[in-house]
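**Student:** Could you have a look at this structure, given as structure tokens, before my questions?
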Amino acid sequence: MTTKKFDPTTTISADFGIFGIPLTEAECKLVMLPVPWEVTTSYGKGASHGPRIIREASEQIDLFDFETKNAFEAGYFMQEISEHWISENKKFKAIAQQVIALRTEQSEDHALIEKLVAQVNEASAKLTDWVYTETKKILDAGKLFGLVGGDHSTPLGAIKAICEKHAGDIGILHIDAHSDTRKAYQGFQQSHASIMYNVMQLPIKPKKLVQIGIRDFCEDEYNFVKSTPEMKTFFDVELKQRLFKGESWASIASDIIQELPKKVYISFDIDGLDPRYCPSTGTPVIGGLSTDEVFFLFNLLAQSGRQIVGFDLNEVSPGEAESSEWDGNVGARMLYKLCNWSILTN
Ligand SMILES: [Mn+2]
């Protein structure tokens, strides 16, 4: 790996990149794709602003890190946020909202609903194709890959590309409050609530899907999880019961990691954390993990010899007022650890 050293104490206000790292894409080992998309978001709003608020907050981070030291010297870059997808997001989110409103008022105009749903599904499929193509470009350039959403529908194309690259020989570590295994949600095939169902339908799918923090799901999802042999779900209530009975997080985290193969892709929905860390996320749920528990888990994952082959961070939102800096701050710190451990495990 070629690394280019620079002075991390210099204050840089980069118009590009992330964490104030003054390197070009070509000079960086790790490249992130921002995806400003939240068309199927059902409840809260703002996840499409995730890449922007994370980038803004990222400049406050001290680059030297106790756990990962100078890993950043390999260089982290976030590509420009696409104006095209910002405007497509606005257009199709309005259509999706219309569908939800029609359903709420129990409209009998089924033909209209069907037409609008089809438009949203088509737009989502195009977004996924674009993410797939862009992910492949980054991987083909020999870079490590990360995606910054957007809602949780955004990484499908990236996971598809990474599964193909490794011929399915990867496990996904999925951190989330929700199981995200609905067959479709409100008629939307590529809903944020369906991401892991869609992942498990890919022609080349991961050989293992390990979920943690899950605490909001329907009975169909519970049955799907329990009847899918490639899946292992650590429900939040199970984690808490073990902790409350005195088991250490080190022992529980070790059990989680045991379920994963050597190569691991991390799909991190910020709402897997306790909502005090992400109060503005679209669908916050009480309970959840602490940032320290997640950091400990990442560290243990790296120590176990596993290799992070890609990651996404999604559902970080500034809220409807688009004003919460706290959510961006937490998001930037989670993203920074993901970047650091990606470098150190490769
Ligand atoms: Mn999710």
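A short reminder: the numbers here are calculations on the coordinates, not readings from a lab. Please read all numbers here as calculations on a predicted model, not as lab measurements. Heads up, the Cβs are rebuilt from the backbone with ideal geometry, glycines too, and the neighbour counts pull from every protein chain shown.
**Student:** Report, by chain and number, residues whose modeled amide H sits under 5 Å from the one on Thr40, excluding near sequence neighbours (fewer than 5 apart, same chain).
**Tutor:** His192
**Student:** Sequence-distant or interchain residues sharing an amide H contact under 5 Å with His174, placed H: which?
**Tutor:** Long-range HN contacts for His174: Val210, Gln211, Ile212, Ser267.
**Student:** List the residues whose amide H sits under 5 Å from the amide H of Tyr185, counting only those 5 or more places along or on another chain, with H placed 1.01 Å from N in the peptide plane.
**Tutor:** Counting only residues 5 or more places away or on other chains, the set is Ser191.
**Student:** Whole-Hz Karplus ³J(HN,Hα) for segment 302-317, in order, using 6.51 cos²θ - 1.76 cosθ + 1.60 and θ = phi - 60°, x for Gly and Pro?
**Tutor:** Here the 3J(HN,Hα) series is 5, 5, 6, x, 6, 10, 7, 9, x, 7, 9, 10, 9, 6, 7, 9 Hz.
**Student:** Next question, about the same structure. Quick one: check the C-alpha center-to-center distance for segment 106-144 versus segment 34-78, whole angstrom.
**Tutor:** What the calculation gives is 22 Å, centre to centre.
**Student:** I need the calculated FRET efficiency for the pair Gln106 and Thr24, taking r as the beta carbon distance and R₀ as 45 Å, to the nearest 0.05.
**Tutor:** 0.25
**Student:** A further question on this structure: Using helices alone, I'd like the mean residue ellipticity at 222 nm for the chain: each DSSP H run of four-plus residues gives -39500 (n - 2.57), total over residue count, nearest 500.
**Tutor:** -13000 deg cm²/dmol, from helical runs alone.
**Student:** With springs connecting C-alpha atoms under 10 Å apart, model the chain as a Gaussian network and identify which of Gly157, Gly142, Gly171 has the largest mean-square fluctuation.
**Tutor:** Gly142
**Student:** Please list, by residue number, every one of the GluC sites (Glu not before Pro) in segment 303-346 that is coil in DSSP and has at most 14 other beta-carbon atoms within 10 Å.
**Tutor:** Answer by residue number: Glu320, Glu322.
**Student:** Identify, among Leu173, Trp326, Gln106, the residue whose Cα sits farthest towards the positive end of the charge dipole of segment 30-344, taking +1 on the Cβ of Lys and Arg and -1 on the Cβ of Asp and Glu, with the dipole about the Cα centre.
**Tutor:** Final value for the positive-end residue is Leu173.
**Student:** Moving on. Give the relative contact order (percent, whole number) for the chain; include only Cα pairs under 8 Å separated by 6+ residues.
**Tutor:** Averaging sequence separation for qualifying contacts and normalising by length gives 22 percent for the chain.
**Student:** Arrange the following residues from fewest to most other Cβ atoms within 10 Å of their Cβ: Thr133, Thr181, Thr128.
**Tutor:** Thr133, Thr128, Thr181
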